[in-house]
Amino acid sequence: MKYHTGNKDDYYWIEFASSDFDLTTFVQKLSDLLIDKYLGIVCFDGGIFIPSKTELNRGWYKKGEISYSPIINQNELNEPIYESYDQWCLFKNKTEFDEMTDFVNYGAFTLKNRETELTEADPTWDFGSLRQSINSNKELQDKFWNETKIISPDNIIINGDFFIFCAKNENEIEKIKTVANKAYN
């Protein structure tokens, strides 16, 4: 299974094509990386997550456009709290933040360096448009890392065109690599 990894400031990240690895797969195979953390849902299916009455009774609440969970346990992960085009921030301690850009809704948002696309592109492609797309993604990356620094979550999950997992703990990335490599070897 192909994936990209990297690091920036205090974070390590891994990224897959969502067709290879997505949030459902992550929850099924690596739920231990979510257990005992608090979740802030920035996007659910590309929009705002609105906790149901049952979820509110379990300790969920909404502040602004972000919905917050009680401490995550396996029962919470068995509920319909994830879909496609989700964006999550996870914290070891209960934390609130005012807002975060919905990066998941920017088509093909990626953390990898896209500069290599210029040398790999078919010569018949419109290189001006490709350069513009690469520059736009770089601007979004800069915005992502700036917001991440301000919010300071322990993890970020973006489940859009790509599945992106960011962690302050490099061992979490290594665990994901191990699971991904076992699945396809």
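Figures for the structure shown
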{"item": "Test: residue in region 150-164 that is open to solvent by 30 Å² or more (accessible area, probe 1.4 Å) and within 13 Å of Thr110 (Cβ to Cβ)", "result": "yes"}
{"item": "Subset of region 40-70 [touching a Phe, Trp or Tyr at 6+ places or on another chain (Cβ under 6 Å) and of a type in the set (A, V, I, L, M)]", "result": "Ile41"}
{"item": "Residue satisfying all of: in region 1-42; open to solvent by 30 Å² or more (accessible area, probe 1.4 Å) and β-branched (Val, Ile, Thr); nearest to Gln87 (Cα to Cα) among these", "result": "Thr24"}
{"item": "Of residues in region 90-123 being over 22 Å from Phe163 (Cα atoms) and modelled with pLDDT of 95 or more, the one least open to solvent (accessible area, probe 1.4 Å)", "result": "Phe97"}
{"item": "Qualifying residue in region 69-89 (condition: crowded, with 20+ Cβ neighbours inside 10 Å, farther than 30 Å from Ser133 by Cα and touching a strand residue (DSSP E or B) at 6+ places or on another chain (Cβ under 8 Å))", "result": "yes"}
{"item": "Neighbours by Cβ (under 7 Å, 6+ apart or cross-chain): first from region 70-81, farther than 13 Å from Tyr38 by Cβ; second open to solvent by 30 Å² or more (accessible area, probe 1.4 Å)", "result": "Gln74/Ile35"}
{"item": "Total residues in region 124-139, condition modelled with pLDDT of 75 or more and either of a type in the set (D, E, K, R) or open to solvent by 80 Å² or more (accessible area, probe 1.4 Å) (or both)", "result": "4"}
{"item": "Filter result (open to solvent by 10 Å² or more (accessible area, probe 1.4 Å), part of a strand (DSSP E or B) and among the small types (Gly, Ala, Ser)) within region 43-67", "result": "Gly47"}
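The values are calculated or read from the model by the stated rules, or taken from the named source; none is laboratory data. Please read all numbers here as calculations on a predicted model, not as lab measurements. FYI the Cβ positions are ideal-geometry reconstructions off the backbone, even for glycines, and counts take in every protein chain you see. The area values use the complete protein model at the heavy-atom level, side chains included, leaving out ligands, DNA and RNA. Shrake-Rupley method; radii C 1.70, N 1.55, O 1.52, S 1.80 Å.
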